[in-house]
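One structure is given below, represented as structure tokens, and several questions about it will come after.
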There are 2 protein chains.
Amino acid sequence: MSAYVSRVSSEPSPVRRLEPVVWGDRVPGPMTTEELASYESDGFLLLEEALDDREVRSLDDELEAVAAAMGSRDERVIREPGSDTVRSVFQIHELSGRVAELASDPRLLGRVRQILGSEAYIHQSRVNFKPGLRGKEFYWHSDFETWHFEDGMPEMRAVSVSINLTENRADNGSLMVMPGSHRTFVGCVGETPQEHYRESLRSQHYGVPSDRALEQLASAHGITQVVAPPGSALLFDSNCMHGSNGNITPYPRRNLFLVFNSVENTLVAPFGGTEPRPGHIASRDPVPLG
Amino acid sequence: MSAYVSRVSSEPSPVRRLEPVVWGDRVPGPMTTEELASYESDGFLLLEEALDDREVRSLDDELEAVAAAMGSRDERVIREPGSDTVRSVFQIHELSGRVAELASDPRLLGRVRQILGSEAYIHQSRVNFKPGLRGKEFYWHSDFETWHFEDGMPEMRAVSVSINLTENRADNGSLMVMPGSHRTFVGCVGETPQEHYRESLRSQHYGVPSDRALEQLASAHGITQVVAPPGSALLFDSNCMHGSNGNITPYPRRNLFLVFNSVENTLVAPFGGTEPRPGHIASRDPVPLG
């Protein structure tokens, strides 16, 4: 039984988050007290120049090669709605040696451990290719809402890291976040069909906040567009309300996305009552990193 | 017979524009020599605070009222693809007294006459409602390409004025233009079906530049996103390459769009060989303004 309500027939009221954002001060690491406070308050923190140019280039080359080599029926490959263009490749940390290394890199993992107050493992990883000219939007959502109801993640105790592989510009569909929205759980209307994930990764129909909830959240918190050069990394809380517009510019927006979950927060049965989604979307094989 | 080639079966090479951008210095007006030079070079000019707050509010209220009162089968109303949400209302200068006044306002018309070197009339007018949360993109296009091939506008001698009714933010699907692109005519692949306009005003399938042409133009000219407060007005050339992303923010982006054509450039038979589009999209009844 969950403390949060979602995927029901009438709209639940938004509720205050129960869990802390930064879990204790048990783990030392590279983040300053100010940075932790900023993450706690906003629900995200941008690390400029987390990776240098050479690292980004090598990583990007490897990811393009991995994506190009994927079989057309591989279920880890998600295509754009109504097209064959690759939108995302999942479980990328098992497909790319460089991503696997990066997941244990102290620059990322050290910070993640500070926030989670524990060891961590990769809950989900993917590369998002938002191509130029025809990139589609990712509508507003809280990842935790999905991970709780579709995957059985018990608590808000996961950190997502989004690493820019190309320039994230104001005009090419950069990530938008509502600072402070991670303090509120927004339940969504609509029971989840079985095997929903096959469609939802292309475009979302369940787990979508109501217009009114989004208008209220935006009015309370505003919207921050994360415009940053390649190599920067955004750390953000699992319950941040976020999304991104489409991209008609010719400038692709590629991001590597790693979700670190606490080893004390491993998955149980999905709280929405559906079958668990497959392991390449939500790992049930927690191997502590580092 | 047109000097420009488009709507054909294989991709035409981009060609240099034949017409001037600023037509002579016959007409005095409020634009300085520097402003005219900037318009000539970029193909557009932003006028900050063209209208004051009170004017914008009155205008916006009137436009909302007009849109709300339009019959559901009125052909001047265009809805979003796959939805009943109003995307645009055409011929708005004949539906709204305030818009009619604005079309003859010396702040706009004075500048338009300077650029066109002649008297002007309204070729097309509309209000674009890009709603919050579900606003769809307008893909890249040159208006002149459409107006020449679908409406029979002989030359590049028209000025569009886009007036911001709401804040045009970096994140709510603001207009993007490629500065300097007005110097190049980009022909498009694909013959135009009859009555194409019924679909194209919802989402565009013909008169669309190729990926390669857009990549080349963007690489040569870059992209400028027009971020500006309510009341500002963008004057832009009929052959500017422009477009806008979708809008998932809750902040609507509403713009009033007036196209001033030179009285020396009135419509003839469409150069694409189709029947002319109706008068609410392309006026064949030129009444000089002012």
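The values are calculated or read from the model by the stated rules, or taken from the named source; none is laboratory data. Predicted model only: the values in this text are computed from it and were never measured. Cβ sites come from the backbone with ideal geometry, for glycine too, and all protein chains shown count toward neighbours. Protein only, heavy atoms only, side chains kept; ligands, DNA and RNA dropped before computing areas. Shrake-Rupley method; radii C 1.70, N 1.55, O 1.52, S 1.80 Å.
Any idea which of B:N239, B:N265, B:N245, B:N261 is over 14 Å from the mean Cα position of the chain (by Cα) and buried (at least 24 other Cβ atoms within 10 Å of the Cβ)?
Sole residue among the options that is over 14 Å from the mean Cα position of the chain (by Cα) and buried (at least 24 other Cβ atoms within 10 Å of the Cβ): B:N245.
Sticking with this one: Of the residues B:E75, B:E150, which single one is closer than 27 Å to B:V5 by Cβ, touching a residue at least 60 places away in the same chain (Cβ under 8 Å), away from chain A (no Cβ under 14 Å) and not in a strand (DSSP E or B)?
B:E150 is the lone residue from the list that is closer than 27 Å to B:V5 by Cβ, touching a residue at least 60 places away in the same chain (Cβ under 8 Å), away from chain A (no Cβ under 14 Å) and not in a strand (DSSP E or B).
On the basis of being modelled with pLDDT under 95, among the acidic types (D, E) and open to solvent by 10 Å² or more (accessible area, probe 1.4 Å), does B:E275 make the cut?
Answer is yes for this residue.
Further question: Regarding segment A:228-244, can at least one residue be identified that is touching a Ser or Thr at 6+ places or on another chain (Cβ under 7 Å), more than 9 Å from chain B (Cβ to nearest Cβ) and at pLDDT below 95?
Among the residues of segment A:228-244, not one is touching a Ser or Thr at 6+ places or on another chain (Cβ under 7 Å), more than 9 Å from chain B (Cβ to nearest Cβ) and at pLDDT below 95, which makes the answer no.
Quick check on segment B:94-104. Is at least one of its residues touching an Asp or Glu at 6+ places or on another chain (Cβ under 8 Å), open to solvent by 40 Å² or more (accessible area, probe 1.4 Å) and of a type in the set (A, V, I, L, M)?
Within segment B:94-104, one or more residues are touching an Asp or Glu at 6+ places or on another chain (Cβ under 8 Å), open to solvent by 40 Å² or more (accessible area, probe 1.4 Å) and of a type in the set (A, V, I, L, M).
Turning to a different aspect of this structure: Would you confirm whether or not segment B:117-126 contains a residue that is in contact (Cβ under 8 Å) with a residue 40 or more places away in the chain, crowded, with 24+ Cβ neighbours inside 10 Å and of a type in the set (S, T, Y)?
The answer is yes, given that some residue of segment B:117-126 is in contact (Cβ under 8 Å) with a residue 40 or more places away in the chain, crowded, with 24+ Cβ neighbours inside 10 Å and of a type in the set (S, T, Y).
Another question, then. Working carefully through the options B:S162, B:S181, find the one that is buried (at least 22 other Cβ atoms within 10 Å of the Cβ), among the polar types (S, T, N, Q) and away from chain A (no Cβ under 14 Å).
B:S162
Looking only at segment B:82-102, count how many residues are on the phi > 0 side of the Ramachandran plot and either in a helix (DSSP H, G or I) or under 19 Å from the mean Cα position of the chain (by Cα) (or both).
Here the count works out to 1.
Can you confirm whether B:S200 is open to solvent by less than 30 Å² (accessible area, probe 1.4 Å) and modelled with pLDDT under 95?
yes
Counting only residues that are of a type in the set (A, V, I, L, M, F, W, C), at negative phi and within 11 Å of chain A (Cβ to nearest Cβ), how many does segment B:130-147 have?
Final tally of qualifying residues: 2.
Also, quick follow-up: Residues in segment B:260-268: is at least one within 11 Å of chain A (Cβ to nearest Cβ) and either in a loop (DSSP other than H, G, I, E, B) or farther than 26 Å from B:W23 by Cβ (or both)?
no
Please name all residue pairs, on different chains or six or more residues apart, with Cβ atoms under 9 Å, provided the first residue is in segment A:255-278 and is at positive phi and the second residue is of a type in the set (D, E, K, R).
Here the result reads A:G273/A:R7; A:G273/A:E191, each pair linking segment A:255-278 to a residue that is of a type in the set (D, E, K, R).
Something else about it: Within the group A:D61, A:D42, A:D53, A:D25, which residue is open to solvent by 40 Å² or more (accessible area, probe 1.4 Å) and without any contact (Cβ under 8 Å) to a residue 12 or more places away in the chain?
A:D61
Hey, another quick one. Can you name the number of the only condition in (1) touching a residue at least 40 places away in the same chain (Cβ under 8 Å); (2) open to solvent by 10 Å² or more (accessible area, probe 1.4 Å) that B:E215 fails?
So the condition that B:E215 fails would be (1).
(1) among the hydroxyl-bearing types (S, T, Y); (2) buried (at least 17 other Cβ atoms within 10 Å of the Cβ); (3) touching a Pro at 6+ places or on another chain (Cβ under 7 Å): which one isn't true of A:T85, the others all being true?
(2)
With (1) surrounded by 22 or more Cβ atoms within 10 Å (Cβ to Cβ); (2) closer than 25 Å to A:E191 by Cβ; (3) modelled with pLDDT under 90 as the list, and A:K130 as the residue in question, which single condition is left unmet?
In the conditions (1) surrounded by 22 or more Cβ atoms within 10 Å (Cβ to Cβ); (2) closer than 25 Å to A:E191 by Cβ; (3) modelled with pLDDT under 90, A:K130 misses (2) alone.
The conditions are (1) more than 14 Å from every other protein chain (Cβ to nearest Cβ); (2) farther than 22 Å from B:L165 by Cα; (3) at pLDDT 95 or above, and B:L217 fails exactly one of them. Which is it?
Single failed check for B:L217: (1).
Still on this structure: If I ask for residues that are on the phi < 0 side of the Ramachandran plot and within 21 Å of the chain's Cα centre (by Cα), which ones from segment A:45-61 would you list?
A:L45, A:L46, A:L47, A:E48, A:A50, A:L51, A:V56, A:L59, A:D60
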